[in-house]
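These notes are about the structure you will find just below.
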Protein chains: 2
Amino acid sequence: MATRVLTPQSEDFPRWYQDVIARAELAENGPVRGTMVIRPAGYAIWERIQAELDARIKEAGVENAYFPLLLPQSYLSREAEHVEGFSPELAVVTHAGGKELEEPVVVRPTSETIIGEYMSKWVNSYRDLPLLLNQWSNVVRWELRPRVFLRTSEFLWQEGHTAHRTQQEAAAFAEKIHREVYEDFMVNVLAVPVVRGRKTKAERFAGAVNTLTLEAMMRDGKALQMATSHELGQNFARAFNISYLSDAGQQEHAWTTSWGSSTRMIGALIMSHGDDDGLRIPPRLAPVHALVMIVKEGEGVREAAEALVEGLRRGGMRAKLDDRVDTAFGRRAVDAELKGIPLRFELGPRDLADGKVTMVRRIMGGKAEVSLDQAVELAAEALIVDHQALYDEAEVRLDLRTEDVENLEDAVAASQNGLARIPWAKLGVEGEKQLAQSSVTVRCLIREDGEFPTTDDDPDAIAVVGRAY
Amino acid sequence: MATRVLTPQSEDFPRWYQDVIARAELAENGPVRGTMVIRPAGYAIWERIQAELDARIKEAGVENAYFPLLLPQSYLSREAEHVEGFSPELAVVTHAGGKELEEPVVVRPTSETIIGEYMSKWVNSYRDLPLLLNQWSNVVRWELRPRVFLRTSEFLWQEGHTAHRTQQEAAAFAEKIHREVYEDFMVNVLAVPVVRGRKTKAERFAGAVNTLTLEAMMRDGKALQMATSHELGQNFARAFNISYLSDAGQQEHAWTTSWGSSTRMIGALIMSHGDDDGLRIPPRLAPVHALVMIVKEGEGVREAAEALVEGLRRGGMRAKLDDRVDTAFGRRAVDAELKGIPLRFELGPRDLADGKVTMVRRIMGGKAEVSLDQAVELAAEALIVDHQALYDEAEVRLDLRTEDVENLEDAVAASQNGLARIPWAKLGVEGEKQLAQSSVTVRCLIREDGEFPTTDDDPDAIAVVGRAY
Ligand SMILES: [Zn+2]
Ligand SMILES: [Zn+2]
């Protein structure tokens, strides 16, 4: 773009992030501190994320359900006598029905406890297992330093909760979700390369015996946790009394897992792929693959544009017509760039006279006059290439900005630019604490062979460390 | 079914309703009064309702967005000084972040006000119109006499809000949504015949100048309001200052509409189609069209059952395998009846030896041995027939139990059995008040020609009156 539309990333990355969210009309701050309004352009991305994840979740045999927003206080703080006794992240309803409630109720920060209570009712026999549940919902966690999509007082997410007969089955299921739902989505739809691994004890979810994570590198070198899957052992089942009569006639506690991902992933998408002209949406995720723009009205132009939209749709692409000819064309083009639509076709009377249309590629750049007859075929090819190009670009960045180091000092230094890989044996729990002084955390532990460590002190584990969102 | 699984409808309809919800595992009460847990079998129905409505909403050019759950108190009661000053239906958060909030915030009972505030920011020029927004979300309205799916303190719904340049355009859009989204869905997917009409002034949504409704008759003769669409004139735009610079250079207020439908429709589905054996789900809505049940394991049985599932899927049907052979077959069959799955195929070693399978039809009843080779084709045919049969059955009931009357006394009498149609000229505002004493309400006004009256006192309007949920 000739004119500067956004603060350049190199100048001020956080400011660029805010700019692109505003200018691409993805979201705005809500009136209550820390909340966000997700605008149509942003919500369409979330719908596509949901659809892709949901299909994979169902393919894994999981069923969706819905649990109430409001929880009795006893579900969250069994001892709190007054609402000030609640965790600061909770929003507490004290009044409803026009009067003060006898017991305050809490807006769910997660549905873990209520799902636990009902699982306990629903699981009686080994025949009731595995019980595989997922919920798509909003949750509220009061946020003092909000940042749209990354940390908001209300966010949208999915949380899966499953119960199994054996530890092996639970462990395998948590890993299956991690690989076949989350990682597959990130790599093959979001075009984001991820570092997979096991969380250290310090970084692990409190109730878990094992937390798997996927971490991505943003364009400023910082890590973003994309999704986590927890193996909860029998801890959760003991707390909620999720037990079953085994086929051997014994009363046993179930083994449970939980796993989640949220609107944070929109933040990851923006910071992984966005550039100084705006968003770049990976083709398989894009709500609109191709925007067909009428540059100027003229004999047959609208008909040709509509025919192209139809052709693209028949070719399996999501295509949209932009006929806002009473808005300056430059502004419409900037808008399409900002929104990151992978392809646009610009059509006016002169192009049409030559049987041509101008094809503009957002992801790798480039603009060419192409024959109208070939436009659909070229679009389909471009989208395939562009997914891979976007992934490769992110992977090259991840590789270039990940450094193998042998001591803590070098790990901190490397973290200023990206990630560092350091043998866990050389870092350890003490080293992890020291890193924290430089705002560097262990993102995950992974074995050289790419497998997850199965213990907290696997001698072959590599710690991947960095600054994180 | 030989054994009595549910309270018969004829004995106690409300009890039957509760029974079927519990036994078909659709939902349960939540721990906070008036809330509900929607179980997988119920939520799968909601997902299908959402998918079908959402596709129609998008087809009408509407975009989805998401607005925050928590609203500043000023959005709901501009004068309330203390939380007791709020409407009794509101749930009020007074504490968050570990302390008392300076200003309490309210859990949305609808997003109307917040959408109004943002529409006002987003609409500046005639180029910004029409602005067509929809939101899928949960809302909270404190309910003292809750009833699962019908009246709950939290429910799931969609609310559409649109702004237009002219009254004509707004009116046409509200009617378009009413016909092409709601009515089309109810007739062609839910298989529920509806009475369409205009609400009287007394029954109309407060801010509306015109409210359109669709009303269905349940199996006990009572009416259920299925969805409403409101024309808000310029009232809403004035309240929220949604104004735009017209192409003539004038500052004008927009004309707005709103429209909604909710998890109530699951209640309508149950009470329209359910019978003494459980639910009957209309085929186009059914999460599972056909359940393939292994009656007993045996040489090749599983393979044949899996092949049938595959064949049904290739035939465009949603098919599921039930191989829970360690559960008594009778119980599994009762469960499938209760859940209202349109078709089931029962397959065991003896059937397979004959190249046969038993096909059981839930909707119109009937059981037949059919050739395995023909099962897929027969299933596809059965589903087409069954949709129509279910619709016809409901329509016959609606017709038989709707009486044309000429005076108020007869209208009240007819309302004990179903609906009454009485000329509005003979009822009027005064008659409407008298009906209320017998718990009978005017469900809607409709002209003899089936068109919507365009005024509150159309001399040709017929009032459709009855008892309602
Ligand atoms: Zn009070
Ligand atoms: Zn207090």
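The values are calculated or read from the model by the stated rules, or taken from the named source; none is laboratory data. This structure is a prediction, so every number in the text was calculated from the model and none was measured. Neighbour counts run over all protein chains shown; Cβ positions are idealised from the backbone, glycine included.
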Confirm whether residue B:87 is among the hydroxyl-bearing types (Ser, Thr, Tyr), in a loop (DSSP other than H, G, I, E, B) and within 11 Å of chain A (Cβ to nearest Cβ). yes
Whichever residue in the stretch A:424-441 is surrounded by 14 or more Cβ atoms within 10 Å (Cβ to Cβ) and within 28 Å of the chain's Cα centre (by Cα) and, among such residues, is nearest to residue A:455 (Cα to Cα): A:424
Residues located in the stretch B:335-351, provided they are surrounded by fewer than 19 Cβ atoms within 10 Å (Cβ to Cβ) and touching an Asp or Glu at 6+ places or on another chain (Cβ under 8 Å): B:349
Test residue B:310 against the stated conditions and say whether it is assigned to a helix (DSSP H, G or I) and either surrounded by 19 or more Cβ atoms within 10 Å (Cβ to Cβ) or not assigned by TED's automatic domain parsing to the domain that holds residue B:373 (or both). no
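Might you check whether a residue that is acidic (Asp, Glu) and in contact (Cβ under 8 Å) with a residue 24 or more places away in the chain occurs anywhere in the stretch A:3-18?
no
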Subset tally (residues that are within 14 Å of residue B:346 (Cβ to Cβ) and free of Cβ contacts under 8 Å to residues at least 24 places away in the same chain) for the stretch B:306-319: 1
Exception for residue A:280 within (1) closer than 19 Å to residue A:362 by Cβ; (2) outside any strand (DSSP E or B); (3) within 14 Å of chain B (Cβ to nearest Cβ) falls at (3)
Residue check, residue B:41 at pLDDT 95 or above and facing chain A (nearest Cβ under 7 Å): no
Flag for residue B:220 being acidic (Asp, Glu) and more than 16 Å from residue B:395 (Cα to Cα): no
Those residues that are assigned to a loop (DSSP other than H, G, I, E, B) and either in contact with a helix residue (DSSP H, G or I) (Cβ under 9 Å, 6 or more places away or on another chain) or at the interface with chain B (Cβ under 8 Å from one of its Cβ atoms) (or both), I need them from the stretch A:92-122; list them, please. A:97, A:98, A:108
When (1) more than 8 Å from every other protein chain (Cβ to nearest Cβ); (2) buried (at least 21 other Cβ atoms within 10 Å of the Cβ); (3) of a type in the set (Lys, Arg) are applied to residue A:33, the one that fails is (2)
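With the requirement that a residue be free of Cβ contacts under 8 Å to residues at least 60 places away in the same chain and of a type in the set (Lys, Arg), what does the stretch A:167-181 give you? Step through it out loud before you land on a result.
Our first condition is that a residue be free of Cβ contacts under 8 Å to residues at least 60 places away in the same chain; within the stretch A:167-181, this holds for A:168, A:172, A:179.
Correct list: A:179 only.
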Considering (1) in contact with a helix residue (DSSP H, G or I) (Cβ under 9 Å, 6 or more places away or on another chain); (2) away from ligand 2 (no atom under 16 Å from the Cβ); (3) at pLDDT below 90, say which one residue A:83 fails and leave the rest. (2)
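Filter the helices (runs of 4 or more DSSP H) completely within the stretch B:320-437 down to those with at least 3 residues that are of a type in the set (Asp, Glu) and without any contact (Cβ under 8 Å) to a residue 60 or more places away in the chain. Write out each step before concluding.
Working: elements: B:329-339, B:349-353, B:375-400, B:408-415, B:424-436.
So the answer is B:375-400.
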Give the number of residues within the stretch A:131-157 that are more than 13 Å from every other protein chain (Cβ to nearest Cβ) and not basic (Lys, Arg). 1
